[in-house]
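The values are calculated or read from the model by the stated rules, or taken from the named source; none is laboratory data. Since we're looking at a predicted model, the values are computed, not measured. Quick reminder, even Gly has a Cβ in these numbers, built from the backbone with ideal geometry, and neighbours come from all protein chains shown.
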Amino acid sequence: MTKWWMIRAGDNNELIPVWKENGIASIGWPKLGDPKQYRSKEEMLATANDVFADSKPNTRKSWISQVWRFSREVKKGDKIITYFKETREYLVGTVTEGHFYNKTVGDPAYPNNVRVDWEEATVIRDTLSQAAKNSLGSVLTVFRVDDWGSEIERLLEYPFVEPEETNEAEESEIIEDLVNRALVMVQDKVDKLDPWQMQELVGGLLQAMDYNVRVSPKGPDGGVDVLAYKDAFGFEKPIIKVQVKHRKSSASAPEIQQLLGANPIDANSLFVSTGGFTLQAEAVARHNSVRLVDLEELVDLVVKWYENMPNDVRALLPLQKMYVPE
């Protein structure tokens, strides 16, 4: 099966004239030198950690992954597409020679090259299906787009075919999928917090909800990790006592009972467990009006209240806002 690749032509499409003139596609990261000198991704990452020390660790890993794929996986016969945002068109080409490192062929800031025979015809973005538009919208420099190869080829051959209209139900499904993917990514980030950071996160969530909060210091907590009050002194009810369990295993009924028996006895009980709850724990909670929150609901609440959370707590879980059509 033919592999299809999306390659970004620089930050602002500035490489497209260079690519067409020289019959290439290229990516940057010249500080790494020739990627073929590295025997593994780990070896390349070690260099990246030195030359890109000011960048975030996950950003460096993403860059290395893209350079590695471009230099090792893009082969003769593969298809390349790139987006020219000024005209809202996709350029399409075929790889005629795999990776070579040369600063004199095109732009010296983009020395990683493959030879490409670019098509004269282009694909207008508005003729693509909505699903294809969404998938091709990634901000990565190098990524596979095999699922849309046949659609792109068809539009090259029949450029004036009207795309099927996306109905409201399909649009809703696409938006729901985007939101769900984002929430799953946030869940993964929350899951990587350590137990003490998780307590701070729950405490910050309650602060965002306008509670005064006391988070227990490291060490034995007597069954209560967080206390939340409506007034600064803790006199005004409701008072909420919280137990936070951050682990893979489910919280048990005895752990729910432990929270109920902890001081203050007359406080409302909230139990947060990223590993979920056993059926027996859920039964005890229902019988005693204990509010249970699992990882999925915790993330939903964090996303909803995130902008009101204290800055030091948000620093534990950096998120950025995403807008989608209504």
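Key figures
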quantity: Condition check for LEU295: touching a strand residue (DSSP E or B) at 6+ places or on another chain (Cβ under 9 Å) and either at negative phi or in contact (Cβ under 8 Å) with a residue 60 or more places away in the chain (or both); calculated: yes
quantity: Selection count where residues are touching a Ser or Thr at 6+ places or on another chain (Cβ under 9 Å) and part of a loop (DSSP other than H, G, I, E, B), scope region 115-140; calculated: 2
quantity: Matching residues in region 206-255 - criterion: being surrounded by fewer than 20 Cβ atoms within 10 Å (Cβ to Cβ), among the acidic types (Asp, Glu) and at pLDDT 90 or above; calculated: ASP210, GLU255
quantity: Residue list for region 83-94, restricted to those being of a type outside the set (Asp, Glu) and either farther than 21 Å from VAL67 by Cα or touching a residue at least 40 places away in the same chain (Cβ under 8 Å) (or both); calculated: TYR83, PHE84, LYS85, THR87, ARG88, TYR90, LEU91, VAL92, GLY93
quantity: Candidates SER40, SER65, filtered to the one that is closer than 27 Å to ASP146 by Cα, loosely packed, with under 12 Cβ neighbours inside 10 Å and of a type in the set (S, T, N, Q); calculated: SER40
quantity: Selection status of THR278, free of Cβ contacts under 8 Å to residues at least 40 places away in the same chain, of a type in the set (Ser, Thr, Tyr) and buried (at least 17 other Cβ atoms within 10 Å of the Cβ); calculated: yes
quantity: Some residue of region 91-102 being farther than 15 Å from GLY10 by Cα, at pLDDT 95 or above, touching a Gly at 6+ places or on another chain (Cβ under 7 Å) and not β-branched (Val, Ile, Thr); calculated: no
quantity: Qualifying residue in region 163-177 (condition: at pLDDT below 90, of a type in the set (A, V, I, L, M, F, W, C) and surrounded by 12 or more Cβ atoms within 10 Å (Cβ to Cβ)); calculated: yes
quantity: Strands (runs of 3 or more DSSP E) within region 1-97 that include 1 or more residues over 22 Å from the mean Cα position of the chain (by Cα) and of a type in the set (Phe, Trp, Tyr); calculated: 4-7, 79-84
quantity: Meets criteria (touching a Phe, Trp or Tyr at 6+ places or on another chain (Cβ under 8 Å), buried (at least 19 other Cβ atoms within 10 Å of the Cβ), more than 28 Å from PRO325 (Cα to Cα) and free of Cβ contacts under 8 Å to residues at least 24 places away in the same chain) for ALA132; calculated: no
quantity: Residues of region 68-107 classified as surrounded by 15 or more Cβ atoms within 10 Å (Cβ to Cβ) and of a type in the set (Lys, Arg), total; calculated: 2
